Amino acid sequence: MAIRLFDSLSRELRTLTPSHADGVYRFYNCGPTVYAPAHIGNFRTFVVNDVLRRLLELEFGAAKVKHVRNLTDVDDKTIRRSREENRPLAEVTKQWTDKFHADCDALNCLRPHVEPTATGHIKEQVDMIDVLTKKGNAYRAADGSVYFKVSSFDSYGRLSRVKERELQLGSALSGKSHAADADEKEDVSDFALWKAYKPEDGDNAWDSPWGRGRPGWHIECSAMSKKHLGETIDLHTGGVDLLFPHHENEIAQSECCNGTLFAKHWYHSEHLLVDGKKMSKSLGNLYTLDDLAAKGFSPMALRYALLMGHPRKQLNFTLDSLHAAEKALATLRNFRSTLAAGGGDAGTFAAVFAALDDDLNTPGALGALFTVVNRGSAGVDAATFDRVMFAFGLNLTATKTKTSAPAEILALADKRWAAKQAKDFAAADALRKELAAAGWSMLDRKDGYSLEPIKK
Ligand code: AMP
Ligand code: ZN
């Protein structure tokens, strides 16, 4: 078994292999901006990345995958929300981080091993910008902002094939950056690494060698992936909108600062449309998980519906697709209830894994799954079937009892649960010991686990 995945940079299917001596596969996924509930489009990207994480664990072993996903907790949107609500930025971003976690749990997404925040990594960002200015890749403008000099990096545009003409559009294409920045830049295509303080930033500013201000958006991923995964990572992912300028800028920053390859593999999943259109509040077609719950749909039905389309093609979401998903889940639940513990053929679902390993072909894999299900349960055992459900992340029963364990303990427990599902018992035992050392005992149930503090 080998996972082949489209690489947005080389534009070909390439096999995923760890490139570091420790055999740990380093996976960075750009995370959410925490200022509002994430919508089902965002969750398409996170669910696709979760299936990828699960496949990596099945392929390399749960203990040999390190997954980092950041939280953008300071930018124009988060600051604007904090100003509008007259609440401290940290309070607003905590509210939406908690909501994001609850939604991800409901969708059965494994927690990343590290979830770094931009505000928690100001020093790392400043250090990186400092190196870039000293190497001549960045310059300070009169107002105290610092810009990356795009002309200093010959390879700029390799990922997105952005043309000269498009570069000239500069600020119009520069994502979360500020239009007014254009006045201060030497060239329109240059982008902000550090933004000089503006009164509307309120208390959200930090000291730096260039004066008070805050980091630009792109630099956070370069700094946080370096800190938690090292200078060269194995896989970097996100939605297709991040290809340009965000990922192009990350490459420029990281490669100029570190002088080495930033990411070995780039993967971008396509967007979710709703009723054939881009989601937007004004069109009334923007859904959150709560909106769907209010209509009586389960998060697992959403997860299933999101997997019904090929991740590299746009997927048109309709409420009808949720009805179909609920029906499919009921069939799977029924099928599972007929399975015995052993005696099956381990190769029964080979076509399912072959489809998943072939560029994450989730619709093909679901089709192959139903080919087996429709044939009946003869020769299929529960453990083999559960391994397939693990790969899709489909939870056919309720999991995890509510617990007050902190996030890092939950992340360890999830990792151990995943290792157990993947039958990596050595890793599962090691993680159980790690949890015990941290004061938590993990109780396994058939369909999930609970955590209890160890009484002293
Ligand atoms: P944001 O919180 O805006 O930074 O987005 C979080 C993630 O969701 C990014 O990887 C985006 O590429 C992705 N994303 C945003 N809109 C959609 C959509 N309609 N469909 C799929 N993914 C999306
Ligand atoms: Zn990013």
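Output the residue which, of all residues in segment 6-48 that are open to solvent by less than 50 Å² (accessible area, probe 1.4 Å), aliphatic (A, V, I, L, M) and more than 16 Å from ligand 1 (Cβ to nearest atom), is farthest from Arg161 (Cα to Cα).
Applying the filter and picking the extreme gives Val24.
Give me the residue from segment 16-47 that is of a type in the set (Val, Ile, Thr) and within 16 Å of ligand 2 (Cβ to nearest atom) and, out of that set, nearest to Arg111 (Cα to Cα).
Thr45
Need the failing condition index for Thr117 against (1) among the polar types (S, T, N, Q); (2) surrounded by 20 or more Cβ atoms within 10 Å (Cβ to Cβ); (3) under 30 Å from Pro37 (Cβ atoms); (4) at pLDDT 95 or above, just the number.
So Thr117 meets the others, but not (2).
Just give me the residues in segment 125-143 being assigned to a helix (DSSP H, G or I) and surrounded by 19 or more Cβ atoms within 10 Å (Cβ to Cβ), in sequence order.
Within segment 125-143, Gln125, Val126, Met128, Ile129, Leu132, Thr133 qualify.
Being modelled with pLDDT of 95 or more, in contact with a His (Cβ under 9 Å, 6 or more places away or on another chain) and either farther than 30 Å from Asp386 by Cβ or among the acidic types (Asp, Glu) (or both) narrows it down to one residue among Ser8, Ser19, Ser82; which is it?
Ser8
Tally the residues that are over 18 Å from Glu200 (Cα atoms), within 14 Å of ligand 1 (Cβ to nearest atom) and assigned to a helix (DSSP H, G or I), restricting the search to segment 69-100.
Of the residues in segment 69-100, 4 are over 18 Å from Glu200 (Cα atoms), within 14 Å of ligand 1 (Cβ to nearest atom) and assigned to a helix (DSSP H, G or I).
How do the helices (runs of 4 or more DSSP H) wholly within segment 238-345 filter down when requiring 1 or more residues that are under 29 Å from Phe191 (Cα atoms): which remain?
248-258
The values are calculated or read from the model by the stated rules, or taken from the named source; none is laboratory data. Since we're looking at a predicted model, the values are computed, not measured. Here Cβ is always computed from backbone atoms with ideal geometry, including for glycine, and neighbour counts include all displayed protein chains. Each accessible area value is taken on the protein alone, full model and side chains, heavy atoms only, with ligands, DNA and RNA left out. Shrake-Rupley method; radii C 1.70, N 1.55, O 1.52, S 1.80 Å.
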